[in-house]
Structures are given as structure tokens and as C-alpha cells.
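Asks: So that we are looking at the same thing, I have put the structure below in C-alpha cells.
Throughout, read-outs are computed from the coordinates displayed, never taken from laboratory work. Because the structure is predicted, anything quoted here is derived from the model rather than measured. Methodologically, a virtual Cβ is constructed for each residue, glycine included, from the backbone with ideal geometry; neighbour enumeration extends over all protein chains shown.
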Amino acid sequence: MTSPLPIAVLGSGRGSNFQALALAAAAGSLPVRFTLVGSDLAHAPILAHARSLGLPTYTCPPSRFKTKLEPEIESALARAIQDSGARLLVLAGYMRVLKAPLLEAFPGRILNIHPSLLPAFKGLAAWKQALDAGVSETGCTVHWVDASLDGGPIIAQERVPVLPGDTPESLHARIQEAEHRLLPQVLRDLAATGF
Ligand code: GRF
């Protein structure tokens, strides 16, 4: 039996993807160990959830910006993740664009889950973009993170139908069900290859 893959998770919101990972790990179906759960927002529910599981957490100090972190704040975050012993960084609803401190600390070792079939609908509220575009199918993507916005190499995708009468909320909920299958599966596959 190989030892569990040490991962850190960053999120800015609800943390339902983190929860899916934590449930799978607790059930013994996902060989990962959470070294740190971090957030740019002190009140993000993902942090409360991680604390309730007794996991170490990290909260960034308030930032002047909305879509990125100051270099010194991002550097401190990168150091904390490195010090935790993580081999892989998982972005699960982390709402800031990554810059050099994190990208250089974990080259080729950061993955993200995005709520569309990339390269379609990059950026914010991708489920709403899909509805507005009138497509009949959308989905979710797990991809490697590089300096581009939602543009790194795609690892895996799951398709989700857009149904008549869908609202942004109902479509996002259906996409999230797929995310909660896809992200654990990708990590399971990476762990199995000895990442
Ligand atoms: C997900 O839809 C993810 O694809 C996007 O942000 C959302 C995060 O949801 N990047 P949660 O915080 O994991 O519930």
C-alpha cells in the first residue's frame, strides 16, 4: 500500500468540492492526505469545514485587490503550502488569478476545477455564460494551472446537459454534481500513477 498523496486545497467559497474530496478520503476511496486548506477570505465556509475536520488551515490577510493577491501575500501563502509538505495544490473554487509566487513554488503541480467544458466559457460564472450562449451541453473541466486564465492543459472533463427551464442556479447545481465526481477521480488517477 503506497502512502497517501499529500495535497493542499485552496478555495474562496462554499467548499463543496473540498467536501467531496474529504468525504472520499474518509471513506477510504481516495488516497490523499490534506496538509493544508487555505483561503483568501477569512469567512469562507471551506475554512470552517476544514477546521471541523481538524485539518490545518491558512487564511490570507485582507487584500487590496479582488482578482489577485499582493505579491507578498501570495508569497507567504506559497511558503505556508510548501512548509505543509504538499506535493500537489488543488484549486477548488479559488477566485484569484495565480501569479509568480504560487506558480513558481509548484511548477506543473497545481490543478483547478472549472465549471465549463474548456476552452469554452473561461472566467467567471461559466454556467451563466453557457445559458446565455444557448448551448445544449456544458460541463466541468479539471486542468493544470499555468499563467493563462483557465488555459492550462486539460486533464479530464465531464459533460452535463443544459435542460429546458434551467436557471443559472439549477445548471450550476448540476455541474457541481459532476465536479464532485470528476475532481476525486482525477486525484485518484494521479495518486495511482505515483504523482
Ligand atoms: C465550482 O463551481 C468550481 O468549478 C469553481 O468554483 C466553484 C466552487 O464551488 N471554480 P465550491 O466552493 O467547491 O462549492
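Asks: Can you tell me how many residues in the stretch 37-54 are closer than 20 Å to residue 78 by Cβ and either free of Cβ contacts under 8 Å to residues at least 12 places away in the same chain or under 17 Å from the mean Cα position of the chain (by Cα) (or both)? Talk me through it step by step, then tell me what you get.
Replies: Let us first name the residues in the stretch 37-54 that are closer than 20 Å to residue 78 by Cβ, namely 37-42, 44, 46-47, 50.
Keeping just the survivors that are either free of Cβ contacts under 8 Å to residues at least 12 places away in the same chain or under 17 Å from the mean Cα position of the chain (by Cα) (or both) gives 37-41, 44, 46-47, 50.
Residues flagged as closer than 20 Å to residue 78 by Cβ and either free of Cβ contacts under 8 Å to residues at least 12 places away in the same chain or under 17 Å from the mean Cα position of the chain (by Cα) (or both) within the stretch 37-54 amount to 9.
Asks: For the stretch 1-30, give me each residue that is assigned to a helix (DSSP H, G or I), more than 7 Å from the ligand (Cβ to nearest atom) and touching a helix residue (DSSP H, G or I) at 6+ places or on another chain (Cβ under 8 Å). Step through it out loud before you land on a result.
Replies: So in the stretch 1-30, the residues assigned to a helix (DSSP H, G or I) come out as 16-26.
If we keep only those that are more than 7 Å from the ligand (Cβ to nearest atom) as well, we get 19-26.
Those that are assigned to a helix (DSSP H, G or I), more than 7 Å from the ligand (Cβ to nearest atom) and touching a helix residue (DSSP H, G or I) at 6+ places or on another chain (Cβ under 8 Å): 19, 20, 21, 22, 24.
Asks: Further question on the same structure: For residue 127, only one of the following conditions fails: (1) in contact (Cβ under 8 Å) with a residue 40 or more places away in the chain; (2) under 14 Å from the mean Cα position of the chain (by Cα). What is its number?
Replies: Against the list (1) in contact (Cβ under 8 Å) with a residue 40 or more places away in the chain; (2) under 14 Å from the mean Cα position of the chain (by Cα), residue 127 comes up short only on (2).
Asks: Do we find that residue 42 is at negative phi, outside any helix (DSSP H, G or I), exposed (fewer than 14 other Cβ atoms within 10 Å of the Cβ) and among the aliphatic types (A, V, I, L, M) in this structure? Please lay out each step first, then the result.
Replies: Details: at negative phi: yes; outside any helix (DSSP H, G or I): yes; exposed (fewer than 14 other Cβ atoms within 10 Å of the Cβ): yes; among the aliphatic types (A, V, I, L, M): yes.
So residue 42 passes the test.
Asks: Only residues that are surrounded by 21 or more Cβ atoms within 10 Å (Cβ to Cβ) and closer than 14 Å to residue 75 by Cα: list them for the stretch 97-117, please.
Replies: Scanning the stretch 97-117 gives 98, 102.
Asks: Which numbered condition trips up residue 138, out of (1) closer than 16 Å to residue 10 by Cβ; (2) surrounded by 20 or more Cβ atoms within 10 Å (Cβ to Cβ); (3) hydroxyl-bearing (Ser, Thr, Tyr)?
Replies: Condition not satisfied by residue 138: (1).
Asks: Say whether the condition of being within 21 Å of residue 24 (Cα to Cα) and within 16 Å of the chain's Cα centre (by Cα) is met by at least one residue in the stretch 143-152. Give the steps one after another, and end with the answer.
Replies: The initial filter retains those residues of the stretch 143-152 that are within 21 Å of residue 24 (Cα to Cα), namely 143.
Within this subset, residues satisfying the condition of being within 16 Å of the chain's Cα centre (by Cα) are 143.
Checked against the condition, which is being within 21 Å of residue 24 (Cα to Cα) and within 16 Å of the chain's Cα centre (by Cα), the stretch 143-152 yields at least one hit.
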